[in-house]
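To start, the structure itself, in structure tokens.
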């Protein structure tokens, strides 16, 4: 009887552990989890709603991921910092300004990398936009937590919110988090794609490359960066940032999957990484639990986590952020250069 009671207790504990894989708020300590779209601790930062997807403490300081939702908004304060930062647009649009006269209108699946020390800012300009912000090393989530106000609504953002940031409070907090404000800096706000000095005529029209200089900021439009094909699997990897551009702090890529069955092999890496779905449905097996992720859902996999991934729907695409060599880097090692956004027939 005692043995049976112990077995029942063990099964109950295992069931609870599996149920806890899907969370409403990102854990503060490293462990695997899945965070559904628009879940996570949320902060109102002057009408901009920021949700913590991966906290600084969760990744042991390697990176932070924030979800950002808003309607049209004012220009954010021009600033720079020592960390590497990137934006990946999920839907809608936002203008991103870099230094004096460079910028892009980011729409779905566009990417910007902001190297340390570069002045930058942004301005949301569509009725419903969403992006994911990554910073490495982490800590930006801690800044927004103390600089903003808690946001409790289930709405992506409040379209009737016309509140203003407490500029004095924000400016006072910035130095503590290695953020340098540049309120006197001049940025050309009168540009549209194709009119400023850095070759915008190629935006969404021609391929863009990744710079070899890690101090250079750059933009990659949807599917226009370096691409690779794992022909046998029908997997397309679009590289957005490698260790070379980020000083080995972060790698970013999208991975596109054709439909398939559960793979026989298990993946495991020595760096923390996260997956976020942008199209389709990703099936992910973490340890002994299998979950399905759709648009905006995010999975965090701390280093050493065993997992499998596949998709049974027609077209699935997800972003892979990693604190170093991760899944996308592993796939690229065994891939061929590719010029297309989908796999061959």
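Quick notes
- Rounded to the nearest 500, the helix-only mean residue ellipticity at 222 nm of the chain stands at -3500 deg cm²/dmol, with each DSSP H run of n ≥ 4 adding -39,500 (n - 2.57).
- Remark: relative contact order (region 44-130) = 33 percent; criterion is Cα-Cα distance under 8 angstrom and separation of 6 or more residues.
- Which label in (i) -0.33, -0.51, -1.08; (ii) -0.29, -0.48, -1.16; (iii) -0.49, -0.66, -1.06 gives the computed log10 I(q)/I(0) by the Debye sum over Cα atoms at q = 0.07, 0.09, 0.14 Å⁻¹: (ii)
- Residue-span extension gain [residue 108 to residue 291] - 0.36 nm each, minus C-alpha spacing: 63.4 nm
- Model label sites at residue 334 and residue 212, defined 7 Å from Cα along the beta-carbon direction, differ in position by 3.0 nm.
- The distance between label points at residue 118 and residue 308 comes to 4.1 nm (points 7 Å beyond Cα on the Cα→Cβ vector).
- Within a Gaussian network of the chain (alpha carbon springs, distance under 10 Å), most fluctuating of 259, 183, 36: 183
- Take every pair of alpha-carbon atoms less than 8 Å apart whose residues are at least six positions apart; their mean separation over the length of the chain yields a relative contact order of 17 percent.
- Prolate/oblate/rounded call for region 233-345, Cα gyration tensor, a/c under 1.5 rounded: oblate
- Region 85-175 shape via C-alpha gyration tensor axes, a/c threshold 1.5: oblate
- Candidates 104, 51, 123, ranked by Gaussian network fluctuation over the chain, Cα under 10 Å, top entry: 123
- Sorted peptide list for 244-251, 157-164, 109-116, criterion being average Cβ within 10 angstrom, highest first: 109-116, 244-251, 157-164
- Sequence ranges 143-149, 276-282, ranked by mean other-Cβ count within 10 angstrom, highest first: 276-282, 143-149
Values quoted throughout were computed directly from the atomic coordinates according to the rules given, and no laboratory measurement underlies them. None of the values given here were measured: they were computed from a predicted structure. When we count neighbours, we look across all protein chains shown, and the Cβ atoms used for this are built from the backbone with ideal geometry, even at glycine.
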